[in-house]
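Read through the structure below, which is laid out as structure tokens, and then see the notes.
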Amino acid sequence: MSDVAIEPIRAFDDNYIWMLVRGEDALVVDPGDAAPVLAVLNQRGLQLRAILVTHHHADHIGGIGELVARTPVPVYGPARSGIPGVDRRVGEGDRVFAMAGLAPFRVMEVPGHTLDHLAFYDGSRLFCGDTLFPCGCGRVFEGTMAQMHASLARLAALPATTEVYSAHEYSLANAVFALAVEPNNSCLQARQRWMMSCRAEGHPTVPSLIGDELETNPFLRVEEAAVADAARRAAGHPLTSPAEVFGALREWKNRF
């Protein structure tokens, strides 16, 4: 909705806690630290109404306890996790009506980075935690490479105009790796220049668009010949499926 503002609250070294504001009401996504959230709420006279949680890692949930102790609000998070403070457990296909005036979020289960990972999609905006980043994707800690590939393929199938709100500022490093995979991708070259300009001015490179990722993110481009060839060379053996190409790329990125 046009009267909803979405703003990043910076936390730790590179986290973004996303805040959605409508009037005097606010919702936050993945509050790993309560202090910066409380500072914004207090400075602007905002009332916290709900919290969304994508997965159980500490830098995404560490602030929940303090926030709900000060202002009891519903906390929506993975049904498959025992995350402290989550009192509205949701899973694939559930609808979350988190705050008055917001479109409902559709819950998508996107295992790979963790087995409990969720994404929240409202028809035009995607809050995807550590699954998808500009020019990159999250590490596969708990799931399998095939699970992560399938999760990313689901996100890639969303409309190209979908805004992607990732939870970290990893773009510059991701772009360097993406150019190692596709050095001749002119869209990627231009995007890296834009990212460098943004960061030099202190601006976030997030959100991106699904359309941007389809043009420049190697992890969504595993069926492109140039990407598959680069992955095969890095792996040192034939790769027989897009999922295998993805796995080879992710292993390459892990040691890059």
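Every number here is computed from the coordinates shown, using simple stated rules; none is lab data. This structure is a prediction, so every number in the text was calculated from the model and none was measured. Note that we place each Cβ from the backbone using ideal geometry, even for glycine, and neighbour counts take in every protein chain shown.
Determine which member of the set Glu7, Glu24 is of a type in the set (Asp, Glu) and touching a Gly at 6+ places or on another chain (Cβ under 7 Å).
From the options Glu7, Glu24, the qualifying one is Glu24.
Does Ala235 qualify as being surrounded by 18 or more Cβ atoms within 10 Å (Cβ to Cβ) and either over 23 Å from the mean Cα position of the chain (by Cα) or of a type in the set (A, V, I, L, M) (or both)? Please lay out each step first, then the result.
Numbers: surrounded by 18 or more Cβ atoms within 10 Å (Cβ to Cβ): no; either over 23 Å from the mean Cα position of the chain (by Cα) or of a type in the set (A, V, I, L, M) (or both): yes.
No.
Which of the strands (runs of 3 or more DSSP E) contained wholly in the stretch 22-109 include at least 2 residues that are under 18 Å from Ile9 (Cα atoms)?
Numbers: elements: 25-29, 47-52, 75-78, 88-90, 105-109.
By residue number, 25-29, 47-52.
Quick check, is Asn42 crowded, with 17+ Cβ neighbours inside 10 Å and polar (S, T, N, Q)?
Details: crowded, with 17+ Cβ neighbours inside 10 Å: no; polar (S, T, N, Q): yes.
Criteria not met by Asn42.
Filter the stretch 103-120 down to the residues that are over 16 Å from Ala156 (Cα atoms), in contact (Cβ under 8 Å) with a residue 60 or more places away in the chain and surrounded by 20 or more Cβ atoms within 10 Å (Cβ to Cβ) and list them by number.
Across the stretch 103-120, the qualifying residues are Asp116, His117.
Quick check: is even one residue across the stretch 74-93 touching a Ser or Thr at 6+ places or on another chain (Cβ under 6 Å) and either within 30 Å of Arg191 (Cβ to Cβ) or of a type in the set (Gly, Ala, Ser) (or both)? Walk me through it before giving the result.
Pass one, the stretch 74-93, residues touching a Ser or Thr at 6+ places or on another chain (Cβ under 6 Å): none.
Looking for residues that are touching a Ser or Thr at 6+ places or on another chain (Cβ under 6 Å) and either within 30 Å of Arg191 (Cβ to Cβ) or of a type in the set (Gly, Ala, Ser) (or both), one finds none in the stretch 74-93, hence no.
Of all residues being assigned to a helix (DSSP H, G or I) and surrounded by fewer than 17 Cβ atoms within 10 Å (Cβ to Cβ) in the stretch 157-176, which is farthest from the chain's Cα centre (by Cα)? Just the residue, please. Steps first, answer last, please.
As a first pass, look at the stretch 157-176 and keep what is assigned to a helix (DSSP H, G or I): 171-176.
Filter once more, keeping what is surrounded by fewer than 17 Cβ atoms within 10 Å (Cβ to Cβ): 172-173, 176.
Numbers: Leu172: 16, Ala173: 16, Val176: 19 Å.
Among residues in the stretch 157-176 that are assigned to a helix (DSSP H, G or I) and surrounded by fewer than 17 Cβ atoms within 10 Å (Cβ to Cβ), the one farthest from the chain's Cα centre (by Cα) is Val176.
Give the stretch 121-156 a look and list any residue that's over 11 Å from the mean Cα position of the chain (by Cα), closer than 18 Å to Val29 by Cα and of a type in the set (Gly, Ala, Ser), or say none.
Selection gives Gly123, Ser124.
Look through the stretch 1-11, keep the residues that are touching a residue at least 12 places away in the same chain (Cβ under 8 Å) and loosely packed, with under 13 Cβ neighbours inside 10 Å, and return whichever of them is farthest from the chain's Cα centre (by Cα).
Checked the stretch 1-11; the qualifying residue farthest from the chain's Cα centre (by Cα) is Asp3.
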